[in-house]
1. Of the residues 172, 151, only one is touching a strand residue (DSSP E or B) at 6+ places or on another chain (Cβ under 8 Å), under 30 Å from residue 66 (Cα atoms) and not in a strand (DSSP E or B); which?
2. Is it fair to say residue 157 is assigned to a helix (DSSP H, G or I), out of contact with any strand residue (DSSP E or B) (no Cβ under 8 Å at 6 or more places or on another chain) and surrounded by fewer than 18 Cβ atoms within 10 Å (Cβ to Cβ)?
3. Would you call residue 104 under 28 Å from residue 14 (Cα atoms) and within 16 Å of the ligand (Cβ to nearest atom)?
4. Does residue 112 meet the test of being away from the ligand (no atom under 15 Å from the Cβ) and modelled with pLDDT of 95 or more?
5. Residue by residue through the stretch 46-76, note down the ones that are farther than 18 Å from residue 196 by Cβ and either surrounded by 15 or more Cβ atoms within 10 Å (Cβ to Cβ) or within 16 Å of the ligand (Cβ to nearest atom) (or both).
6. Considering every residue within the stretch 19-35, establish whether at least one is over 17 Å from residue 169 (Cα atoms), away from the ligand (no atom under 14 Å from the Cβ), in contact with a helix residue (DSSP H, G or I) (Cβ under 7 Å, 6 or more places away or on another chain) and not in a helix (DSSP H, G or I).
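The values are calculated or read from the model by the stated rules, or taken from the named source; none is laboratory data. Model, not experiment: these values are computed from the prediction. Please note: Cβ atoms are built from the backbone with ideal geometry, for glycine as well, and neighbour counts cover all protein chains shown.
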Ligand SMILES: [Mg+2]
């Protein structure tokens, strides 16, 4: 497996096993808080086991793992969120959770994948995407659930509707799938929240950047970013104009 195929394999495997764990857990009447925490660690262990098997020399930064900062010296670092949207995960039929996988080489994304098991979607940098797609007639901006006033300004300026949902991976998948045109996240995020979604959005021909239009640097000592835009490329200038007062 090359890195793209491995990213896809990890997202698919963790995602499908999380779906089974959830459905079995709900069927057996397990408490939702217990099931949520179980899901986080369960998916983390699957990903770590597979990376240890397939890429034993690579470093890993996982939301659910201890960070001893040895990754700072490493050229290849897998940045993973084993279960993004864990607050939504433990409920029957809930769709807003995902698995994020990304490989970072020297601060840049080299490969990645996002699986959205409840939506039966798997995107990766190994996927072939259609070359072009039009901006939809009925434009939609999607945002995080709280403090979405920046997204509201953008939606108003470009004549779009506004909606929100959980999980950055789900929101990226809605833009990739064409259900939404722009995703704006105007608050701080951890690198594991955004690396996988950015990897697959770019592979699908979308633009991903910081709120001021600049590029990200990943695998920082403090692994946070200030926000995220994933946009259809034709709308990016308008979005940046609204967000940056131009
Ligand atoms: Mg998580």
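1. It is 172.
2. Spelling it out, residue 157 is indeed assigned to a helix (DSSP H, G or I), out of contact with any strand residue (DSSP E or B) (no Cβ under 8 Å at 6 or more places or on another chain) and surrounded by fewer than 18 Cβ atoms within 10 Å (Cβ to Cβ).
3. It is false that residue 104 is under 28 Å from residue 14 (Cα atoms) and within 16 Å of the ligand (Cβ to nearest atom).
4. yes
5. 66, 74
6. Scanning the stretch 19-35 turns up no residue that is over 17 Å from residue 169 (Cα atoms), away from the ligand (no atom under 14 Å from the Cβ), in contact with a helix residue (DSSP H, G or I) (Cβ under 7 Å, 6 or more places away or on another chain) and not in a helix (DSSP H, G or I).
Rundown of residues vs (1) closer than 28 Å to residue 236 by Cα; (2) touching a helix residue (DSSP H, G or I) at 6+ places or on another chain (Cβ under 7 Å), yes/no style:
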| site | (1), (2) |
| --- | --- |
| 72 | no, no |
| 84 | yes, yes |
| 90 | no, yes |
| 93 | no, no |
| 103 | yes, yes |
| 111 | yes, yes |
| 115 | yes, yes |
| 135 | yes, yes |
